[in-house]
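Reading through the structure tokens given below for one structure.
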Amino acid sequence: QVQLVESGGGLVQAGGSLRLSCAASGRTFSSYAMGWFRQATGKEREFVAAITWSGGNTYYADSVKGRFTISRDNAKNTVYLQMNSLKPEDTAVYSCAATPVAGLRISLTNYDYWGQGTQVTVSS
């Protein structure tokens, strides 16, 4: 069982940066692959980024590639999403998710545990 709590969201101007954090409970955090997803108002939840249990491999949606960076600190049971050069279209509720399945997972259905989400609003 893993419980996830996101933080770090807020209001930022276009071109600005935010760093989201996702704190996980449980002693087996390091055995879970992690992902970030987002859901804008009126739209379906979409994949943003994924990272393997070791942190050695990452994968990004084309829409955020080169601007966002996912990382993790297994000693702190935390995964991060550094978001730079933010655009108004990045506005959404961002959620982290955990899966015991190895590798990089981009489908929502691969993830077993979800956080409650944190709002990111980018003004133009």
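The values are calculated or read from the model by the stated rules, or taken from the named source; none is laboratory data. Bear in mind that the values here come from a model prediction, so they are computed numbers and not experimental data. Cβ atoms come from the backbone with ideal geometry, glycine included; neighbour counts cover every protein chain shown. Ligands, DNA and RNA are stripped out before the accessible areas are found, and what is left, the full protein with its side chains, is counted by its heavy atoms. Shrake-Rupley method; radii C 1.70, N 1.55, O 1.52, S 1.80 Å.
With both labels modelled 7 Å from their Cα along Cα-to-Cβ, the GLN39 to SER85 distance reads 2.9 nm.
Spacing of the modelled spin labels on SER123 and SER107, each 7 Å from Cα toward Cβ, amounts to 4.1 nm. Placing unit charges on the Cβ atoms only, positive for Lys and Arg and negative for Asp and Glu, gives the chain a dipole magnitude near 180 debye about its Cα centre. Accessible area per residue for the range 1-83 is 52 Å², calculated with a 1.4 Å probe on protein heavy atoms, without ligands, DNA or RNA.
Kindly list the residues of the range 19-62 that lie in the label zone of SER71, defined by a backbone N under 16 Å from the point 7 Å along the Cα-to-C-beta vector. Counting only backbone N, you get 19-23, 50-52, 54-59.
Apolar share of the accessible surface for the range 1-102: 47 percent from carbon plus sulfur atoms, 1.4 Å probe.
Between ASP62 and GLU46, the modelled label-to-label distance comes to 1.1 nm, taking each label 7 Å out from Cα in the direction of the beta carbon. Considering the zone a paramagnetic label at GLN116 would reach in this model (a point 7 Å from Cα along the Cα-to-Cβ line), which residues of the range 25-61 have amide N under 16 Å from it? Of the residues in the range 25-61, 25 have backbone N under 16 Å from the label point off GLN116.
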